[in-house]
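One structure below.
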Amino acid sequence: MKYILLLFISLTSTALANTHQHKTHSYVGFHGMALILAGDKVLASHMPLYAPPHDYQIVYEVTTDDTHLKIIKDALNESLIKQTQITILPTKFDLSLLINKMTPTLKTIVFNGHFERGGSALFSTKLTFKNPLYVKKLAITKPKKAEFDLIKISAQQGLVIHKIQSKPSYDSISLVPLRNGKYNAELKCDTAINTALKSKLEACFKNAPSYLETRDFTVL
């Protein structure tokens, strides 16, 4: 009986340890991101989904070697003109590194276009996530109106981020001017999620959104 009890305790401890280990590594995966040019800085915005391991909105300042950094900035400037996007796909990694605001360097493929929707691979580089700007777990709520967060990029520029809510919702990032580090307009934009969303966000924040995704947050 004593042996059976000890065996049960041992198996239970092992199971609990394995469960804890599973939770610790539950954010390992492939995490695509959109790149945004904010002045002289390149930002990477994690492309979230409602379920783990992707249920975080995360924005980092990123960097790489001078040669590839220039290519990325040139590509982002061109994408603004063509109204396309530049995305990245780092090697498989644990998103908890970014959730915990660490600064890993990851081998990354840079894409012209959406990496999962026909985008073409441009090159591979080692990308350093140098500065965490925004980390927030998706809160699946049903507020009465859209909610936004504002983060400061510099004394002259800020980033307005739409807080993703329950379906239907959307992910958007807009660059806005700051005066002495402050945003002097209202941080709101109530609009239906339809084909006019981009134009409405532009009207609200006086700038076309640098990133806008609706498909992942409207399809039931």
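Before moving on, here are some points about what is shown:
- For region 131-163, a residue qualifies if it is assigned to a loop (DSSP other than H, G, I, E, B), open to solvent by 40 Å² or more (accessible area, probe 1.4 Å) and within 26 Å of Thr191 (Cβ to Cβ), and the qualifying residues are Ala139, Ile140, Thr141, Lys142, Pro143, Lys144, Lys145, Glu147, Lys163.
- Subset of region 33-44 [over 16 Å from Pro209 (Cβ atoms) and either surrounded by fewer than 17 Cβ atoms within 10 Å (Cβ to Cβ) or touching a helix residue (DSSP H, G or I) at 6+ places or on another chain (Cβ under 8 Å) (or both)]: Gly39, Asp40, Val42
- Residue check for Arg215: open to solvent by 60 Å² or more (accessible area, probe 1.4 Å), more than 14 Å from the chain's Cα centre (by Cα), without any contact (Cβ under 8 Å) to a residue 24 or more places away in the chain and under 26 Å from Asp55 (Cα atoms): yes
- Taking (1) closer than 18 Å to Pro48 by Cα; (2) modelled with pLDDT under 95; (3) surrounded by 14 or more Cβ atoms within 10 Å (Cβ to Cβ) in turn, Pro168 satisfies each apart from (3).
- When region 171-195 is limited to residues that are small (Gly, Ala, Ser) and open to solvent by 50 Å² or more (accessible area, probe 1.4 Å), the one that is farthest from Ile151 (Cα to Cα) turns out to be Ala192.
- Qualifying positions in region 117-130 - assigned to a strand (DSSP E or B), open to solvent by 30 Å² or more (accessible area, probe 1.4 Å) and under 27 Å from Gln165 (Cβ atoms): none
- In region 57-116, residue surrounded by the fewest Cβ atoms within 10 Å (Cβ to Cβ) [restricted to those that are of a type in the set (Val, Ile, Thr) and without any contact (Cβ under 8 Å) to a residue 12 or more places away in the chain]: Ile81
- Condition check for Asn207: exposed (fewer than 15 other Cβ atoms within 10 Å of the Cβ), part of a loop (DSSP other than H, G, I, E, B) and under 22 Å from the mean Cα position of the chain (by Cα): yes
The values are calculated or read from the model by the stated rules, or taken from the named source; none is laboratory data. Please read these numbers as outputs of a predicted model, since none were measured by experiment. Don't worry about glycine lacking a Cβ; one is built from the backbone with ideal geometry, like all the others, and counts go over all protein chains shown. Keep in mind that these areas ignore ligands, DNA and RNA; they rest on the heavy atoms of the full protein, side chains included. Shrake-Rupley method; radii C 1.70, N 1.55, O 1.52, S 1.80 Å.
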